[in-house]
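The values are calculated or read from the model by the stated rules, or taken from the named source; none is laboratory data. None of these values were measured; they are calculated from a predicted model. All Cβ positions, glycine included, derive from the backbone under ideal geometry; neighbour counts span all protein chains shown.
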């Protein structure tokens, strides 16, 4: 198949962005293309299905429910990324999270056997997927370290700064993160109480660092936000 129109430049750290053109075309030839509407559930926690979804466009949220019933936002995934690859690779445990569409999106449904066969014959794809998983582990480790090393305001700024770098769309002097992140989701993502997140967001808006809109967060001054977040210059 030809690559989807308008996606010749996938995010550099996504799976598709790491691959050479021949390997990327071979991966894109797998499976069947499907479309999802806003808020559609792509994968559901606890299910035993084994396929993987290769995201071609759009954004998703990855959430999990723990034993006490609390819901946690674990990650965001965008075009070029995969979701569900762990179940497809190990084939022995139920889905560990639910994946929901943040807006209309397109993906390819790839069966686990087809993915494993490609990984065996294409070491480049196998290595790229390993690097993607390593990046996700680093993200999780940074969040754990942030819990101990930074106050809530800095933790939130760090998460928003990283989301802006990975998924933000520059519009003039602003960067728009086209993901509806609720205050409870932000609270679980940074390990803070919802009331604390409410207070921090109010402070960031007052300082004109960000603005919250319907289904989007707008970073009004990314340089100052990254400085607050103690992040290296982009």
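Okay, here's what the table says:
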item: Where residue 163 falls short, out of the listed (1) out of contact with any strand residue (DSSP E or B) (no Cβ under 6 Å at 6 or more places or on another chain); (2) surrounded by 13 or more Cβ atoms within 10 Å (Cβ to Cβ); result: (1)
item: Test: residue in region 86-104 that is in contact (Cβ under 8 Å) with a residue 24 or more places away in the chain, closer than 15 Å to residue 16 by Cα and surrounded by 19 or more Cβ atoms within 10 Å (Cβ to Cβ); result: no
item: Wholly enclosed strands (runs of 3 or more DSSP E) of region 30-69 bearing at least 1 residues touching a helix residue (DSSP H, G or I) at 6+ places or on another chain (Cβ under 7 Å) and farther than 16 Å from residue 180 by Cβ; result: 52-57
item: Given (1) in contact (Cβ under 8 Å) with a residue 24 or more places away in the chain; (2) buried (at least 18 other Cβ atoms within 10 Å of the Cβ); (3) more than 18 Å from residue 59 (Cβ to Cβ); (4) in the same structural domain as residue 220 (by TED's automatic domain parsing), number of the condition residue 187 does not satisfy; result: (1)
item: Matching option when the condition is in a strand (DSSP E or B), surrounded by 20 or more Cβ atoms within 10 Å (Cβ to Cβ), outside the structural domain of residue 181 (by TED's automatic domain parsing) and at pLDDT below 95, among 108, 77; result: 77
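Residue-by-condition table, conditions (1) surrounded by 14 or more Cβ atoms within 10 Å (Cβ to Cβ); (2) over 21 Å from residue 142 (Cα atoms); (3) in contact with a strand residue (DSSP E or B) (Cβ under 7 Å, 6 or more places away or on another chain):
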{"position": "169", "(1), (2), (3)": "no, yes, yes"}
{"position": "178", "(1), (2), (3)": "yes, yes, yes"}
{"position": "192", "(1), (2), (3)": "yes, no, no"}
{"position": "197", "(1), (2), (3)": "yes, no, no"}
{"position": "200", "(1), (2), (3)": "yes, no, no"}
{"position": "203", "(1), (2), (3)": "no, yes, no"}
{"position": "213", "(1), (2), (3)": "no, yes, no"}
{"position": "217", "(1), (2), (3)": "yes, yes, yes"}
